[in-house]
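For reference, the structure discussed in these notes is given below.
The values are calculated or read from the model by the stated rules, or taken from the named source; none is laboratory data. Just so you know, these numbers come straight off a predicted model, no measurement behind them. No Cβ is skipped: glycine too gets one built from the backbone with ideal geometry, and neighbour counts run over all protein chains shown. Quick note on the areas: whole protein, heavy atoms, side chains included, nothing else; ligands and nucleic acids left out. Shrake-Rupley method; radii C 1.70, N 1.55, O 1.52, S 1.80 Å.
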Amino acid sequence: MRIAYLDCFSGISGDMFLGALLDAGVPAKLFESTVAALNIGARLEVSRLSRSGIAATKVDVYAHGEKELPREVFWEQRSHDHAHAHKYEHEHDHGHEHLELREHNYNQTQTQTSRVHTPISQEHEHGRGLKEIREIIHKASISDRAKNTALAIFEALGAAEAKIHNSDIEEIHFHEVGAVDALVDIICAAVGAESLAVDEIVCSPLNVGGGTVQCAHGVFPVPAPATVELLKGVPVYATGVQVELVTPTGAAIVKTLAKRFAPFPAMTIEKSGYGAGTRDLPGQANVVRLTIGESQDALAANTSQETISVLEANLDDLNPQVFGYAVDRLLDGGALDVFASPVQMKKSRPGTLLTVLAKPEDASKLIQIVFTETTTLGVRRREEQRQVLARKCITVATRWGQVRLKIASMNGTVTNYAPEYEDCRRIAAEHHVPLKSVMNEAMEAYRRALKG
């Protein structure tokens, strides 16, 4: 199985990911043609530079001929410019003449720092909404798969922003997300990831950085609120660097593209690439590394791997009838599986170990159900990796009606199949026939279909 590994020891941003893709062999012409086809007045500039002795590829986005700055640099610069203008107003109250001088002052700063937009840029003041972003993506000359990936990244960002600002996702106008550089980063990330032609993208735990960051709504702690929301269920850490290392755009890209987060996998390396961040951090190579190769794990070649949350609670004083209701609530709440194991507890009391398997994003909700519906005083949680066989669902006809079957396969060979319990139960109740008869006939119908 061909895999790509993202090593985010210095975090990740949109431009860093694009740089790593190019450095690993994605053709620059692919990005250039993609950006040109967006028709939003953007172009790319690709350069080679060094970050703490590591040669890396840097990607800069130009909008209408001028370079876009990273969002934290943009808002830091803008805050500085507004403070400077306010001081100038206070010291030089000359009305009309002062306005012209202030704009001239800003333009000087703009030239010195390669700024793009004036402070009244509508893109940064009002941003773009999801409706406009969807239209841009749908019109783009890229594959349907890349369009779906780009939309998924934007919608992940939108959902995070909407929750943070207590707004509807369709009403959100992103100060950062709607900017030209974010559009280019995300759409090129989707196109570039597809061109890698890998079966799976795996990502390391993320170094998020520290300190504070200037955003559209003010100064926030690092990681920014939207980044924290996006990285739920993702392993993160901080090394003490007082800089934002994972941006919301970078978090949305990696959360959408990565199948799992794990240490460096067993693989035969074919090639690697380094994407440079904007800042040159002392004593730390501010790059993201992308490594591509063939997995050496024979099992991984036949299965997919995913991260799940395992929730456990010891119960010794719960009515068995209440336990059954709690299981139903957990399954209705999105649990992947719920089961019980007999255990011997303190003071030789017999008890029950409740185990819940869940998607990481559902874990908090399911923990709340455990506390609400059982007598436990504590729930243990851990993240584990599980191998999953390829699976699909088909429908077969029995004399009593249609029944769905779940089919699991490895290397294209069917290894397991079973009728859907709820379908068989419903048919058995409606037609007053034994449940086992319905299940047996469904399996026989599938075997006949295989022979035919």
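Here's how it looks for I12: its modeled amide H is under 5 Å from those of V246, T247, which are all 5 or more places away or on a different chain. Of K139, K359, the order by accessible heavy-atom surface (1.4 Å probe, DNA, RNA and ligands excluded), from most exposed downward, is K139, K359.
Distance between the modelled labels on E294 and D280, one decimal in nanometres: 4.1 nm (7 Å Cα→Cβ projection). The 3J(HN,Hα) values that the Karplus relation (6.51, -1.76, 1.60; θ = phi - 60°) gives for segment 323-332 are, in residue order, 4, x, 5, 4, 4, 4, 5, 5, 5, 5 Hz. Gly and Pro appear as x.
For segment 130-283, the square roots a ≥ b ≥ c of the C-alpha gyration tensor eigenvalues yield an a/c of 1.5 or more together with a/b not exceeding b/c, which makes the shape oblate. Figure note: D316, D60 ranked by solvent-accessible area, largest first, 1.4 Å probe, ligands and nucleic acids not counted: D316, D60. Which shape class applies to segment 259-396: rounded if a/c is under 1.5, otherwise prolate when a/b exceeds b/c and oblate if not, where a ≥ b ≥ c are the square roots of the Cα gyration tensor eigenvalues? Judged from the Cα gyration tensor, segment 259-396 comes out prolate (a/c at least 1.5, a/b above b/c). Only protein heavy atoms count here; on that basis, with a 1.4 Å probe, S348 has an accessible area of about 90 Å². The relative contact order of segment 231-342, computed from alpha carbon pairs under 8 Å that lie at least 6 residues apart in sequence, is 19 percent. For L435 and I54, the difference between the fully extended length at 0.36 nm per residue and the C-alpha to C-alpha distance is 130.6 nm. Measuring nothing but how far apart in sequence close Cα pairs (under 8 Å, 6+ apart) lie, relative to its length, segment 147-264 scores a relative contact order of 33 percent. Among the listed pairs K58/K255; K346/K406; K131/K232; K58/K232; K259/K365, those with a Cα-Cα distance over 32 Å are K346/K406.
Once both labels are positioned 7 Å from their Cα atoms along Cα-to-Cβ, the gap between L331 and E132 label points is 4.8 nm. Annotation: amide H of C215 within the under-5 Å range of F220, sequence separation 5 or more or interchain, hydrogens built in the peptide plane.
Compared with the alpha-carbon gap, the fully stretched path from K139 to R260 is longer by 40.5 nm at 0.36 nm per residue. Using the average count of surrounding beta-carbon atoms within 10 Å as a protection proxy, the listed peptides 361-369, 244-252, 260-268 rank, highest first, as 244-252, 361-369, 260-268.
Residue separation of S167 and A449 scaled by 0.36 nm, minus their Cα-Cα distance, works out to 96.4 nm of gained length. For segment 141-158, backbone phi angles converted through the Karplus equation (6.51, -1.76, 1.60; θ = phi - 60°) give residue-by-residue couplings of 8, 9, 5, 4, 5, 5, 4, 4, 5, 4, 5, 4, 5, 5, 5, 5, 4, x Hz, Gly and Pro being listed as x. Along the axis of the charge dipole computed for segment 222-380 (Cβ charges of +1 for Lys and Arg, -1 for Asp and Glu, origin at the Cα centre), the listed residues V370, V338, P265 are led at the positive end by P265. Return the FRET efficiency for the residue pair V46, E270: r is the Cβ-Cβ distance, R0 is 25 Å, and the value is rounded to the nearest 0.05. It comes out at approximately 0.70.
Close amide H contacts of A42 (hydrogens built in the peptide plane, cut-off under 5 Å, sequence separation of 5 or more or a different chain): H64. A simple spin-label model places pseudo-atoms 7 Å from Cα toward Cβ; at K67 and C393 they are separated by 5.2 nm. Between V343 and A197, how high is the FRET efficiency from 1/(1 + (r/R0)^6) when r is the Cβ-Cβ distance and R₀ = 51 Å? Nearest 0.05. The computed FRET efficiency comes out at 0.60.
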